[in-house]
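Okay, structure first, notes after.
The values are calculated or read from the model by the stated rules, or taken from the named source; none is laboratory data. Bear in mind that the values here come from a model prediction, so they are computed numbers and not experimental data. Virtual Cβ from ideal backbone geometry, glycine too; neighbours counted across all protein chains shown. Quick note on the areas: whole protein, heavy atoms, side chains included, nothing else; ligands and nucleic acids left out. Shrake-Rupley method; radii C 1.70, N 1.55, O 1.52, S 1.80 Å.
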Amino acid sequence: MNTKKVRKAVIPAAGLGTRFLPATKGIAKEMLPIIDKPTILYQVEEAVNAGIEEVIIIISKAKEEIIHFFERDERYEEYLISKNHPEFAKIIKDIATLAKITFVYQDEQKGLGHAILCTKQAVGNEPFMVILGDDLIVNRSGDNASKQLIDAYYKTGTSILGVQTVDEKVTYKYGIVRPGEINERFIEVLGMVEKPKTNPPSRYAALGRYLLTPDIFDKLEHTEPGAGGEIQLTDALTKLDCLYAYDFVGERYDIGDKFGYVRAVIDFSLEREDLKEQVSEYVRKKS
Ligand code: UTP
């Protein structure tokens with residue numbers, strides 16, 4: 001199989017986040033903290049843990065706080081050390097040294113497909129992982145979602161969509177796969193429908209993780225605006241000669257959705273030694 005090593009990940013984070021207004025007027029959706037850690041830091045950690053060497057974050061002028069968050073601040077580190085908080089100094093140093101991070105601007109929010117096209121130069125002619133900035137996925141029993149998709153790519157050599165089955169009632173929210181042959185967790189993709197209003201072709205929904213081969217850029221360049229007037233990644237994917245989906249293991253939290261965010265805060269707090277007792281007692285009392 002002719003595959004190249006997957007070295008780069010792209011995190012699209014330039015969207016407007018209208019579902020989370022008014023907070024997203026003042027703070028990037030991807031910076032919303034799950035307790036004390038911004039969502040985008042989880043995404044960068046997922047990439048690093050999957051063996052990625054360079055992370056490319058897509059932002060807009062309005063979201064430059066993300067650049068500042070990943071910048072090293074040695075004066076702040078020194079201040080924390082002088083105040084006897086070396087542990088906090090280490091936390092903020094680690095953020096800036098976790099990975100090689102570069103930024104690409106998307107000047108107009110013309111959709112996810114358009115955002116990915118903005119990284120053409122930065123990615124170059126190699127396969128890359130896409131981790132949506134507002135989709136947090138946790139696999140508590142093994143490899144993270146990005147690692148699972150990268151390994152799937154090494155088996156097929158094609159672009160891979162990360163999917164899971166969703167309830168039929170919510171298929172209208174997602175890109176839905178028209179499946180061909182299914183082999184364990186691999187699903188041959190015969191077509192896709194973005195946010196089907198009726199008759200979804202299956203319950204396999206694309207959920208925030210994609211492994212893309214570089215031929216996607218040519219397809220994106222020739223993709224007209226689709227659903228919602230946006231350039232849809234889904235439309236470009238269906239133009240590829242061969243595409244597979246992989247039914248990944250993990251629990252997904254849509255941080256751009258209010259209930260998805262609340263679920264993440266509750267679940268993550270119930271897993272933390274410093275919070276779980278207090279929070280579970282509190283939730284029990286309230287329900
Ligand atoms: P979403 O569709 O969930 O983000 O895109 P959105 O457009 O910000 O959300 P709403 O519907 O207005 O609330 C998934 C990811 O793709 C990025 C977003 O930042 C998010 O992380 N995105 C989306 C871009 O980078 N550019 C775009 O033009 C659209």
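Determine the calculated [θ] at 222 nm for the chain from helices alone, applying -39500 (n - 2.57) to every DSSP H run no shorter than 4 residues and normalising by the residue count; nearest 500 deg cm²/dmol.
After summing the helix terms and dividing by the residues of the chain, the value is -9500 deg cm²/dmol.
Find the Cα radius of gyration of the stretch 112-169, compare it with 2.2 N^0.38 Å by division, and give the number to two decimals.
That works out to 1.31 for the stretch 112-169.
What ranking do 206-212, 140-146, 182-188, 50-56 get when scored by the average of other Cβ atoms within 10 Å per residue, highest first?
Ranking, from highest mean packing down: 206-212, 50-56, 140-146, 182-188.
List, in the order given, every pair from Lys110/Lys169; Lys83/Lys286; Lys4/Lys25; Lys63/Lys219; Lys25/Lys120; Lys147/Lys286 whose Cα-Cα distance in the structure shown is over 32 Å.
Pairs exceeding 32 Å: Lys83/Lys286; Lys4/Lys25; Lys147/Lys286.
Enumerate the whole-percent occupancy of each 10 Å bin, from 0 to the last occupied one, for all C-alpha pair distances of the stretch 137-198.
With 10 Å bins starting at 0, P(r) equals 18, 46, 32, 3.
When ranked by the protection proxy of mean other Cβ atoms within 10 Å per residue, highest first, what sequence do the peptides 62-70, 193-201, 151-159 form?
The packing order, highest mean first, is 151-159, 62-70, 193-201.
With axes computed from alpha carbons, what is the tilt in degrees of helix 86-97 against the longest principal axis of the chain, rounded to the nearest 10 within 0 to 90?
The angle comes out near 30 degrees.
Give the Cα extents of the stretch 202-283 along the principal axes, in whole Å, largest first.
Reported extents, whole Å, longest axis first: 54, 26, 25.
Compare the peptides 78-88, 5-15, 255-265 by average per-residue count of other Cβ atoms within 10 angstrom and give them in order, highest first.
Ranked by mean Cβ neighbours within 10 Å, highest first: 5-15, 255-265, 78-88.
Can you give the % of DSSP beta bridges in the stretch 17-112 that are antiparallel, to the nearest 5?
The antiparallel proportion sits near 25 percent.
How far, in degrees from 0 to 90, does helix 276-286 lean away from the longest principal axis of the Cα atoms of the chain, to the nearest 10?
80 degrees
Cα centroid distance between the stretch 217-287 and the stretch 38-81, in Å?
20 Å
Roughly how many Å² is the accessible area per residue of the stretch 133-286, as a whole number, for a 1.4 Å probe?
Per-residue accessible area for the stretch 133-286 comes out at 51 Å².
Calculate how large, on average over all directions, the projected area of the Cα convex hull of the chain is; give the answer in nm² to one decimal.
16.8 nm²
Taking only C-alpha pairs under 8 Å that are 6+ residues apart, what is the relative contact order of the chain in percent?
22 percent
Remind me, relative contact order of the stretch 1-134 in percent, using alpha carbon pairs under 8 angstrom and six or more residues apart?
42 percent
Relative to the first principal axis of the alpha-carbon coordinates of the chain, what is the inclination of helix 258-270, with its axis defined by its Cα atoms, in degrees from 0 to 90 and to the nearest 10?
Result, in degrees: 50.
If you project the alpha carbons of the stretch 1-130 onto the principal axes, what extent comes out on each, in Å, largest first?
So the three principal-axis extents are 52, 41, 22 Å.
Which whole-number value in Å³ per residue fits the convex hull of the alpha carbons of the stretch 135-287?
Residue-normalised Cα hull volume stands at 138 Å³.
Over 14 Å, how big is the tail of the calculated P(r) for the stretch 17-85, in percent of all Cα pairs?
It works out to 69 percent of all Cα pairs.
Can you find, among Ile92, Gly208, Gly228, the residue sitting farthest towards the positive end of the charge dipole of the chain, where Lys and Arg contribute +1 and Asp and Glu -1 at Cβ?
Going by the charge dipole, the pick is Gly228.
How large is ³J(HN,Hα) for each residue in the stretch 52-67, as worked out from phi by the Karplus curve 6.51 cos²θ - 1.76 cosθ + 1.60 (θ = phi - 60°), to whole Hz, x for Gly and Pro?
Those phi angles translate into 6, 9, 9, 10, 10, 9, 8, 10, 10, 3, 6, 10, 5, 4, 5, 4 Hz.
So, with a 1.4 angstrom probe, what is the percent of accessible area on the stretch 164-287 that is carbon and sulfur?
Ligands and nucleic acids excluded, carbon and sulfur reach 48 percent.
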